[in-house]
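Visitor: One structure is given below, represented as structure tokens, and several questions about it will come after.
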Amino acid sequence: MLSVNQLSGGYLNRRIINDITFDIQPGEIVGLIGLNGAGKSTTIRHMTGVLKPHSGNITIDEKDWMKQREKLAHIPDKPELYPNLTIMEHFQFIKRIYQLNEDHYVNQLIDRYALSPHLNKYPHALSKGTQQKVSIISALISNPTYLVVDEPFMGLDPQGLKFFKEDLIRLKNEGLGMIISTHLLSIAEQLCDRIIVLHRGRQQRFNDKSYLTTEDVDGIALENLFFSMIEEQE
């Protein structure tokens, strides 16, 4: 289990998030939603080691996650690729880091996301959407236990979006736990087993829980529920 425990943090002396607490179980997708500036990306940056918490901690199986980083993969909101590596060299580099010998899965994803024509290109020659596909494949081939995904859907073409959603569901069914930060409430409602709502750096509560589930809301659309929760805080 990946656990975020009373996490507070931000940048230097500027605190952005306060006392965020939630768990991600194997085989579930947790959604992280909120308005711009709510603290979603800050939470993600702490979970991926970009920022150091002011207080609180993050654990995997009750151990400091930094000692188990190989279990965690990240798909950032903006692709972070090596400018001097071709796309194929990216995949080969990741395979070497994680000591992966299997080529079938990599080739399957390359075909699925239509990257074959781009394998010998450098990142600057690719569209943002194609770069995002490279980021997705780079994360998936590392064989993670947990996946942290920050606004992954922007820039994907309809086919890429369809395949990516299908892959997330497949990985969930195979036991992967993941958190997805997104502005797209319809996709969050479609994919996620649980939803965490952030507003002004704080975690919102529903029925005395730190998360809400579709079963709790009696058929109310997530969008309506989300805005009703936000309005209560104004």
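The values are calculated or read from the model by the stated rules, or taken from the named source; none is laboratory data. Computed from a prediction, not measured in an experiment: that's the story for all the values here. Cβ atoms come from the backbone with ideal geometry, glycine included; neighbour counts cover every protein chain shown.
Visitor: Scan the stretch 108-122 and tell me whether some residue there is among the acidic types (Asp, Glu) and either touching a strand residue (DSSP E or B) at 6+ places or on another chain (Cβ under 8 Å) or not in a helix (DSSP H, G or I) (or both).
Guide: Let us first name the residues in the stretch 108-122 that are among the acidic types (Asp, Glu), namely 111.
Filter again for either touching a strand residue (DSSP E or B) at 6+ places or on another chain (Cβ under 8 Å) or not in a helix (DSSP H, G or I) (or both), leaving none.
No: the stretch 108-122 contains no residue that is among the acidic types (Asp, Glu) and either touching a strand residue (DSSP E or B) at 6+ places or on another chain (Cβ under 8 Å) or not in a helix (DSSP H, G or I) (or both).
Visitor: Take residue 206 and tell me if it is aromatic (Phe, Trp, Tyr) and either modelled with pLDDT of 85 or more or in contact with an Asp or Glu (Cβ under 6 Å, 6 or more places away or on another chain) (or both). Lay out the reasoning, then the answer.
Guide: Details: aromatic (Phe, Trp, Tyr): yes; either modelled with pLDDT of 85 or more or in contact with an Asp or Glu (Cβ under 6 Å, 6 or more places away or on another chain) (or both): no.
No: the conditions fail for residue 206.
Visitor: Let me ask another. Looking at (1) more than 27 Å from residue 40 (Cβ to Cβ); (2) touching a strand residue (DSSP E or B) at 6+ places or on another chain (Cβ under 9 Å), which one does residue 61 not meet, given that it meets all the others?
Guide: (1)
Visitor: Right, next: Given the criteria touching a Leu at 6+ places or on another chain (Cβ under 6 Å) and either in a loop (DSSP other than H, G, I, E, B) or within 22 Å of residue 170 (Cα to Cα) (or both), does residue 137 qualify? Even if it seems obvious, please write down each step before you answer.
Guide: Numbers: touching a Leu at 6+ places or on another chain (Cβ under 6 Å): yes; either in a loop (DSSP other than H, G, I, E, B) or within 22 Å of residue 170 (Cα to Cα) (or both): yes.
Yes.
Visitor: Next question. Name the residues in the stretch 148-168 that are surrounded by fewer than 18 Cβ atoms within 10 Å (Cβ to Cβ) and in contact (Cβ under 8 Å) with a residue 60 or more places away in the chain, would you?
Guide: 154
Visitor: Report yes if some residue within the stretch 179-186 is in a helix (DSSP H, G or I) and either more than 13 Å from the chain's Cα centre (by Cα) or crowded, with 18+ Cβ neighbours inside 10 Å (or both); otherwise report no.
Guide: The first filter runs over the stretch 179-186 and keeps only residues in a helix (DSSP H, G or I), leaving 185-186.
Those still in the list that are either more than 13 Å from the chain's Cα centre (by Cα) or crowded, with 18+ Cβ neighbours inside 10 Å (or both) too: 185-186.
Yes, the stretch 179-186 has at least one match.
Visitor: Note down all Cβ pairs under 7 Å where the first residue falls in the stretch 111-127 and is farther than 18 Å from residue 158 by Cβ and of a type in the set (Gly, Ala, Ser), the second is modelled with pLDDT of 95 or more and in a helix (DSSP H, G or I), and they're at least six residues apart or on different chains.
Guide: So the pair list comes out as 116/110.
Visitor: Quick one: would you say residue 100 is of a type in the set (A, V, I, L, M, F, W, C), at pLDDT below 95 and more than 20 Å from residue 188 (Cα to Cα)?
Guide: Values: of a type in the set (A, V, I, L, M, F, W, C): yes; at pLDDT below 95: yes; more than 20 Å from residue 188 (Cα to Cα): yes.
Yes: the conditions hold for residue 100.
Visitor: Ok, one more. Quickly run through the stretch 69-103 and pick out the residues that are aliphatic (A, V, I, L, M) and either without any contact (Cβ under 8 Å) to a residue 12 or more places away in the chain or exposed (fewer than 12 other Cβ atoms within 10 Å of the Cβ) (or both).
Guide: Of the stretch 69-103, the ones aliphatic (A, V, I, L, M) are 72-73, 75, 81, 85, 87-88, 94, 97, 100.
Hit for the stretch 69-103 is 97, nothing else.
Visitor: Return the residues of the stretch 28-68 that are over 14 Å from the mean Cα position of the chain (by Cα), assigned to a helix (DSSP H, G or I) and either surrounded by 14 or more Cβ atoms within 10 Å (Cβ to Cβ) or in contact (Cβ under 8 Å) with a residue 24 or more places away in the chain (or both); say none if nothing qualifies.
Guide: If the condition is that a residue be over 14 Å from the mean Cα position of the chain (by Cα), assigned to a helix (DSSP H, G or I) and either surrounded by 14 or more Cβ atoms within 10 Å (Cβ to Cβ) or in contact (Cβ under 8 Å) with a residue 24 or more places away in the chain (or both), then 65, 68 are the ones that fit.
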